[in-house]
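The values are calculated or read from the model by the stated rules, or taken from the named source; none is laboratory data. Not measured: the values here are computed from a predicted model. FYI the Cβ positions are ideal-geometry reconstructions off the backbone, even for glycines, and counts take in every protein chain you see. Note: accessible area is taken over every heavy atom of the protein model, side chains too, but ligands, DNA and RNA are not part of it. Shrake-Rupley method; radii C 1.70, N 1.55, O 1.52, S 1.80 Å.
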Amino acid sequence: MAQRSPLDLPEGDPFGPDNLPYGVFTTSDAPHLRKIGVRYGAHVLDAGAAAAVAASPHAELLGASSLNPLMAAGRPVWQAVRAELRDWLTNPAHRHAIEPLMHPLTTLALHLPIEVADYVDFFASEHHASNAGKIFRPDGDALTPNWKHMPIGYHGRAGTVLVSGSPIVRPHGQQLPSTSSAPPRPVFGPSLRLDFEAEVAFVVGAPSPLNTPLPLAGFHDHVFGVCLLNDWSARDIQSWEYRPLGPFLGKSFATSLAAWITPLDALATARTAPPARDVTPLPYLDDSAAEPGGFDLRIEVAVNGHTVSRPPFSAMYWTAAQQLAHLTVNGASLRTGDVFASGTVSGPNPDELGCLLELTWGGRDPLHLPDGTRTFLEDGDEVTLSAWAPGPDRVRIGMGEVTGHVVPAAS
């Protein structure tokens with residue numbers, strides 16, 4: 001029986017010609033030589049080698065060791081490269097040249113696909129923001145007065161954005177003991193309330209100059225692609241430090257990013273209208289006459305292989321285009337490799353919550369798993385985020401997984 005060609009995919013494969021996500025890989029025989037790859041089914045195309053064989057005008061971009069040069073080239077180049085890749089992978093005329101450049105995914109080491117410039121995390125889910133408000137401020141309003149007027153966000157730490165599969169070391173920090181005192185006296189030690197946050201990230205390609213706010217319509221010209229992200233959180237450190245300036249050490253110790261960046265164009269059929277808004281935003285955020293700004297991404301969260309939640313990204317109140325417009329409205333510039341994330345994705349139902357803070361209501365209601373109960377993550381726990389989106393002709397567009405394994409705090 002003849003062996004199936006890596007170019008012959010099963011019908012409905014979520015990593016088929018309508019997807020073509022980008023990553024960076026090394027092989028076992030050249031572990032220091034990073035290459036741009038394009039996932040196709042269970043294989044990865046060496047994009048630089050394919051471009052060289054095809055004498056592509058984009059060979060230098062695809063021969064780089066990260067996606068940043070390609071991302072900086074701008075939307076017309078992204079579209080031209082995507083068309084080339086699709087042709088190389090689906091046109092029988094290229095099969096003889098392309099087949100030897102396909103590597104089984106399981107044989108490769110995957111790396112952070114981009115050089116991260118800045119990292120911004122938003123707070124765009126009304127369901128998550130309301131739940132967190134009720135947990136952190138039980139005697140106050142669930143939403144702060146500004147929440148429905150602008151996308152709330154904070155600057156994270158770009159240097160601790162890690163590729164999927166990297167170990168997550170339990171962080172140390174200040175936290176309040178369970179017994180209260182007046183005045184409060186914190187203790188120092190490993191976080192006891194370590195949490196995951198299921199999020200979606202948007203990766204900036206084309207930069208923008210200083211003092212040039214971007215309109216909502218600028219989203220397509222500046223955002224290269226989309227991926228899953230886990231913004232790990234130490235809830236005990238966070239709750240002690242976050243007022244008045246917001247998250248800091250409770251978030252900055254680790255953020256896991258998928259190894260595969262899905263091109264924005266691959267999600268064209270997944271566009272959807274955001275939820276109805278009961279407060280009219282200011283003009284620079286008003287998308288009532290714009291194209292649908294939401295994305296219908298179906299996320300699944302698993303802890304130690306057991307599904308605990310299915311948060312719907314379509315339920316997000318603030319869209320990525322609005323987040324980008326708000327991020328730049330004060331004149332802040334964009335750099336190639338900037339990452340801005342949605343914040344925790346949560347839906348209205350109990351099985352659609354995107355973090356343990358909500359799933360256990362701050363630790364009050366333990367989560368029951370096959371290997372025991374959890375209020376927050378224990379050492380040895382593994383969290384995996386996966387997702388898909390509707391594509392053309394009812395074919396699913398697969399998103400690269402994000403996995404992180406919790407290891408004990410450093411001594």
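Observations on the structure shown:
- Any pair with Cβ under 6 angstrom, 6 or more apart, that starts in the stretch 71-89 at a residue that is closer than 22 Å to GLU115 by Cβ and ends at one that is modelled with pLDDT under 95 and aromatic (Phe, Trp, Tyr): none
- Of all residues in the stretch 361-377, those satisfying the criterion of being at negative phi and more than 23 Å from the chain's Cα centre (by Cα) are ARG364, ASP365, PRO366, LEU367, HIS368, LEU369, PRO370, ASP371, THR373, ARG374, THR375.
- Looking at ASP393, ASP365, ASP338, just one residue is in contact (Cβ under 8 Å) with a residue 24 or more places away in the chain and of a type in the set (D, E, K, R), and that residue is ASP338.
- Every residue from the stretch 132-161 that is in contact with a Ser or Thr (Cβ under 7 Å, 6 or more places away or on another chain) and buried (at least 20 other Cβ atoms within 10 Å of the Cβ): GLY156, VAL161
- Among the criteria (1) in contact with a strand residue (DSSP E or B) (Cβ under 7 Å, 6 or more places away or on another chain); (2) touching a residue at least 24 places away in the same chain (Cβ under 8 Å); (3) open to solvent by less than 10 Å² (accessible area, probe 1.4 Å), the one THR403 does not fulfil is (3).
- Total residues in the stretch 236-260, condition farther than 30 Å from PRO76 by Cα and either surrounded by fewer than 24 Cβ atoms within 10 Å (Cβ to Cβ) or small (Gly, Ala, Ser) (or both): 16
- Restricting the stretch 281-315 to residues that are polar (S, T, N, Q) and assigned to a loop (DSSP other than H, G, I, E, B), the residue that is least open to solvent (accessible area, probe 1.4 Å): ASN304
- The selection criterion, being closer than 25 Å to VAL161 by Cα and touching a helix residue (DSSP H, G or I) at 6+ places or on another chain (Cβ under 8 Å), holds for ALA124.
Residue by residue, here is whether (1) outside any strand (DSSP E or B); (2) out of contact with any Ser or Thr (no Cβ under 7 Å at 6 or more places or on another chain); (3) open to solvent by less than 30 Å² (accessible area, probe 1.4 Å) holds:
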{"position": "MET71", "(1), (2), (3)": "yes, no, yes"}
{"position": "ALA80", "(1), (2), (3)": "yes, yes, no"}
{"position": "ALA83", "(1), (2), (3)": "yes, yes, no"}
{"position": "TRP88", "(1), (2), (3)": "yes, yes, yes"}
{"position": "HIS96", "(1), (2), (3)": "yes, yes, no"}
{"position": "PRO100", "(1), (2), (3)": "yes, yes, no"}
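- Matching residues, the stretch 184-219, being open to solvent by 70 Å² or more (accessible area, probe 1.4 Å) and among the aromatic types (Phe, Trp, Tyr): PHE188
- Residue in the stretch 358-370 that is part of a helix (DSSP H, G or I) and modelled with pLDDT of 95 or more present: yes
- Looking only at the stretch 316-357, and only at residues there that are open to solvent by 30 Å² or more (accessible area, probe 1.4 Å) and not in a loop (DSSP other than H, G, I, E, B), the one that is farthest from GLY23 (Cα to Cα): PRO350
- Being polar (S, T, N, Q), part of a helix (DSSP H, G or I) and surrounded by fewer than 19 Cβ atoms within 10 Å (Cβ to Cβ) is a property that SER181 lacks.
- Considering the conditions (1) of a type in the set (A, V, I, L, M); (2) more than 30 Å from PRO350 (Cα to Cα); (3) in contact (Cβ under 8 Å) with a residue 24 or more places away in the chain, ILE135 is excluded by exactly one of them, (2).
- Residues of the stretch 261-280 that are open to solvent by less than 10 Å² (accessible area, probe 1.4 Å) and either farther than 12 Å from PHE224 by Cα or without any contact (Cβ under 8 Å) to a residue 24 or more places away in the chain (or both): ALA270 alone.
- Whichever residue in the stretch 371-380 is in a loop (DSSP other than H, G, I, E, B) and touching a Pro at 6+ places or on another chain (Cβ under 8 Å) and, among such residues, is farthest from TRP318 (Cα to Cα): ASP379
- Applying the criterion of being more than 18 Å from the chain's Cα centre (by Cα) and closer than 14 Å to THR90 by Cα to the residues of the stretch 14-36, the residue that is least open to solvent (accessible area, probe 1.4 Å) is GLY16.
- With respect to being over 24 Å from ASP286 (Cα atoms) and surrounded by fewer than 19 Cβ atoms within 10 Å (Cβ to Cβ), THR373 fits the description.
- Residue in the stretch 50-61 that is within 30 Å of ALA270 (Cα to Cα), open to solvent by less than 30 Å² (accessible area, probe 1.4 Å) and touching a residue at least 40 places away in the same chain (Cβ under 8 Å) present: yes
- Scanning the stretch 167-178 for residues that are surrounded by 17 or more Cβ atoms within 10 Å (Cβ to Cβ) and assigned to a loop (DSSP other than H, G, I, E, B) yields ARG170, PRO171.
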